[in-house]
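The next block holds one structure in the form of structure tokens; read it before the comments.
The values are calculated or read from the model by the stated rules, or taken from the named source; none is laboratory data. A quick note: this is a predicted structure, and the numbers were derived from the prediction, not measured. Virtual Cβ from ideal backbone geometry, glycine too; neighbours counted across all protein chains shown.
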Amino acid sequence: MKLRERPVELLDTFLAWGGTRKDGALLVLSALSLVLSFFRPDILPFNPAWIAIILCGLPILLQAIRGLVTEFDIKADVLVSLALIAAVIIGEDFAAGEVAVIMQLGALLEELTVARARAGIEKLVALSPRTARVLQDGREVVVPAESVQVGDRVRVLPGETVPVDGVIVEGQTSIDESVMTGESLPVDKDRGSRVRSGSSNQFGAFVLRAEHVGEDSSLQRMIALVQSADASKAHVVRLADRWATWIVVIALVSAGLTWLVTGELIRAVTILVVFCPCALVLATPTAIVAAIGNATRFGILVRQGDALEKLATVQRICFDKTGTLTRGAPEVVAVESFGSATSHELYALAASAESQSEHPLGKAVVRCWNAVFEEAAEREVVGAATGFLMLPGRGVRASVDGRAVLAGNLTMMHEAHIFLVDSAQKTADAYYEQGCTLIYVAVDGELAGCLALADTLRPTAASTVRALKELALAPVLLTGDTNRAAYHIAAQLGIDEIEAGCLPERKLSMVREFEENASPVCMVGDGINDAPALTQATVGIALGGVGSDIAVDAADIVLVKDDLAALPHLLALSKRMMTTIKLNMGFSMVLNFAAIILAMTAVLDPVTGALVHNLGSVIVIANSALLLRWKSRSGD
């Protein structure tokens with residue numbers, strides 16, 4: 001390390017020491033010292049205000065020096081430091097301590113809102129399988145997952161996580177790919193099907209040929225995406241710091257001219273004190289804290305301090321589909337009979353056959369059947385299934401009341417030499433166009449009908465999208481689901497921009513494309529596969545109830561109650577907060593310029609000047625507090 005870099009490193013270490021609790025304790029101690037200085041200045045051998053000057057003023061001075069020396073960056077800290085030094089030089093210790101305490105109060109409020117958990121990447125890493133079962137010379141060898149080579153044959157047992165990307169060469173199964181696609185329904189896989197690392201093998205054992213291993217695997221690439229998105233995400237610069245350079249110049253010129261014209265140093269120092277941007281610095285954090293308090297009342301957790309400030313700039317709001325706009329669980333939406341059995345009889349037979357199934361679709365059939373009768377005086381009893389057999393990637397076979405029942409996909413029917421007639425095919429195609437998954441049911445070797453299952457919309461999804469459009473936001477659907485399912489859901493919601501079949505990389509690239517075209521994005525999602533896009537977006541919003549911990553950790557804001565209806569209020573609140581911030585800053589600037597004139601004419605001295613401009617801080621805080629109870633029309 002170069003010698004000149006050593007002081008900067010030590011300074012950074014000092015400024016970072018302690019944390020929020022330490023800052024709060026020092027602020028309380030400094031405030032008490034100011035009280036003593038005001039009422040009992042002689043209680044100590046020195047003015048107690050010096051405690052506040054050292055504890056609160058010294059960090060401000062060091063931060064200002066660091067910004068000037070390392071980056072030549074003039075922020076509000078520079079003007080505060082000048083005011084502190086000037087007040088101390090002329091013996092106005094109380095005024096110096098008062099300014100230091102108020103500035104640190106604003107910094108603490110900002111620090112409290114900026115804290116953000118960074119556990120998401122660690123949890124993603126924890127998903128990575130540690131071992132793999134590699135087949136070598138006819139025997140199975142357990143090796144570290146990172147040591148698998150391209151071309152290796154790897155066996156994956158039921159319940160295990162797929163260690164590498166590859167192609168199935170033996171066996172058949174159903175794979176839960178929600179980690180990568182976000183879709184809750186398992187995908188049937190057979191010989192020649194591709195599987196991705198991080199996905200979960202649900203039922204049958206299979207052997208794959210490794211194609212992408214180590215850092216090239218799907219899961220490892222997603223981890224890298226989250227890390228790179230977090231590193232590149234821009235943070236909002238405090239408005240007070242944007243204007244700080246001009247404020248410093250105006251204050252110094254005003255103080256210098258006053259000193260030259262009047263020859264009175266006290267007037268020049270008073271100008272520096274009254275121009276000290278306490279109210280300006282408090283304008284943003286107080287409004288943010290109040291808005292966060294408001295959001296909490298609606299079940300919204302703001303995890304990133306500047307998230308609301310950035311949310312006010314958003315022009316597009318991108319939604320994941322499964323689990324976000326929809327419930328994330330399949331429901332039986334229709335039962336179609338192709339033979340003599342009624343729809344009710346067909347439903348009962350399918351529920352009986354699936355009663356012992358561990359497949360999510362089979363469980364959904366039983367759950368929905370039970371839900372039909374849960375409010376009835378007597379629950380309808382379905383026939384007992386015997387001879388149950390589950391065929392991974394196909395369906396189930398069972399005997400119900402002496403009748404042979406098959407319930408599964410079209411492949412299962414074809415293998416049993418059962419085929420669809422034209423009318424049945426047209427009915428099936430109509431449901432496929434709506435994005436449904438079909439379970440075909442055959443009884444005693446004849447096709448009896450089918451059950452259509454689909455993910456259903458959340459009750460407030462459509463009204464939420466309409467309300468967001470009224471706020472001039474453009475909704476976009478980004479989903480890992482198929483085109484048919486995506487367009488069917490989008491049509492029900494009135495969403496015109498759709499991107500289907502999105503893996504995490506595609507969702508991330510879509511968000512980046514929007515933002516590179518000067519269109520800030522809010523991403524709303526719930527799954528692990530949404531984490532890179534949530535991190536990259538100007539603002540990421542996760543559903544906290546059904547969402548994964550990793551999605552929550554990647555997001556700036558969390559909807560704790562999974563209530564999409566809170567989104568319009570949140571967007572309107574962010575805009576209202578920015579209006580409050582601008583009003584606060586405009587008022588503080590007008591007050592400061594008025595105080596300068598009074599200081600130039602000797603109406604104000606340093607102490608009364610500090611009191612006058614601190615009155616502005618009180619008004620700013622009171623105005624920000626109005627946000628606590630504010631309600632948008634959508635929040636009524």
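Annotations for the structure displayed:
- Residue match in segment 284-306 (condition: at pLDDT 85 or above, within 19 Å of Thr535 (Cβ to Cβ) and in a strand (DSSP E or B)): no
- No other residue among Ala518, Ala500, Ala491, Ala474 is on the phi > 0 side of the Ramachandran plot and surrounded by fewer than 21 Cβ atoms within 10 Å (Cβ to Cβ) apart from Ala518.
- Search result, residues across segment 307-341 that are part of a loop (DSSP other than H, G, I, E, B), more than 21 Å from Leu543 (Cα to Cα) and of a type in the set (A, V, I, L, M): Ala341
- Failed item, numbered, when Asn517 is tested on (1) touching a residue at least 12 places away in the same chain (Cβ under 8 Å); (2) within 25 Å of Asp556 (Cβ to Cβ): (1)
- In summary, Lys469 fulfils each of the numbered conditions (1) closer than 17 Å to Asp320 by Cβ; (2) not in a loop (DSSP other than H, G, I, E, B) with the single exception of condition (1).
- Test result for Gly339, closer than 30 Å to Glu470 by Cβ and not aliphatic (A, V, I, L, M): no
- Residues being in a strand (DSSP E or B), among the hydrophobic types (A, V, I, L, M, F, W, C) and either under 35 Å from the mean Cα position of the chain (by Cα) or not assigned by TED's automatic domain parsing to the domain that holds Glu140 (or both) - total across segment 150-164: 1
- Residue match in segment 475-493 (condition: touching a Pro at 6+ places or on another chain (Cβ under 6 Å) and assigned by TED's automatic domain parsing to the domain that holds Leu543): no
- Subset of segment 150-166 [surrounded by 15 or more Cβ atoms within 10 Å (Cβ to Cβ), touching a Lys or Arg at 6+ places or on another chain (Cβ under 8 Å) and hydrophobic (A, V, I, L, M, F, W, C)]: Val154, Val156, Val162
- Reported count of residues in segment 444-464, each being assigned to a helix (DSSP H, G or I) and either touching a residue at least 40 places away in the same chain (Cβ under 8 Å) or farther than 15 Å from Leu325 by Cα (or both), is 3.
- Scanning segment 396-422 for residues that are small (Gly, Ala, Ser) and either modelled with pLDDT under 90 or assigned to a loop (DSSP other than H, G, I, E, B) (or both) yields Gly402, Ala416.
- Criterion (at pLDDT 90 or above, in contact with a Leu (Cβ under 9 Å, 6 or more places away or on another chain) and within 22 Å of Arg367 (Cβ to Cβ)) met by exactly one of Ala462, Ala467, Ala428, Ala452: Ala452
- Counting residues in segment 34-49 that are touching a residue at least 40 places away in the same chain (Cβ under 8 Å) and closer than 22 Å to Ala283 by Cα gives zero.
- You will find that of Ala371, Ala351, the residue that is over 18 Å from Leu406 (Cβ atoms) and in a helix (DSSP H, G or I) is Ala371 and no other.
- Segment 170-194 residues that are more than 12 Å from Gly527 (Cβ to Cβ), paired with ones that are among the aromatic types (Phe, Trp, Tyr) and at pLDDT 85 or above (beta carbon under 8 Å, 6 or more apart): Glu170/Phe206; Gly171/Phe206; Gln172/Phe206; Thr173/Phe206; Lys189/Phe206
- Identity of the residue in segment 52-76, modelled with pLDDT under 70 and in a helix (DSSP H, G or I), that ends up surrounded by the fewest Cβ atoms within 10 Å (Cβ to Cβ): Glu71
- Lone qualifier among Leu583, Leu611 - being at pLDDT 85 or above, out of contact with any His (no Cβ under 6 Å at 6 or more places or on another chain) and hydrophobic (A, V, I, L, M, F, W, C): Leu583
- Hits in segment 167-178 (condition: among the charged types (D, E, K, R) and surrounded by fewer than 16 Cβ atoms within 10 Å (Cβ to Cβ)): Glu170
- Close pairs from segment 413-424: first free of Cβ contacts under 8 Å to residues at least 60 places away in the same chain, partner loosely packed, with under 11 Cβ neighbours inside 10 Å and not aromatic (Phe, Trp, Tyr), Cβ under 9 Å, at least 6 apart: Ala416/Gly445; His417/Gly445; Ile418/Gly445
- The listed residue being assigned to a helix (DSSP H, G or I) and at pLDDT below 80, out of Leu32, Leu3, Leu27, Leu36: Leu27
- Residue in segment 265-277 that is modelled with pLDDT of 80 or more, closer than 26 Å to Val612 by Cβ and surrounded by fewer than 24 Cβ atoms within 10 Å (Cβ to Cβ) present: no
- Here Arg367 meets the list (1) in contact with a strand residue (DSSP E or B) (Cβ under 9 Å, 6 or more places away or on another chain); (2) at pLDDT 90 or above almost entirely, failing just condition (2).
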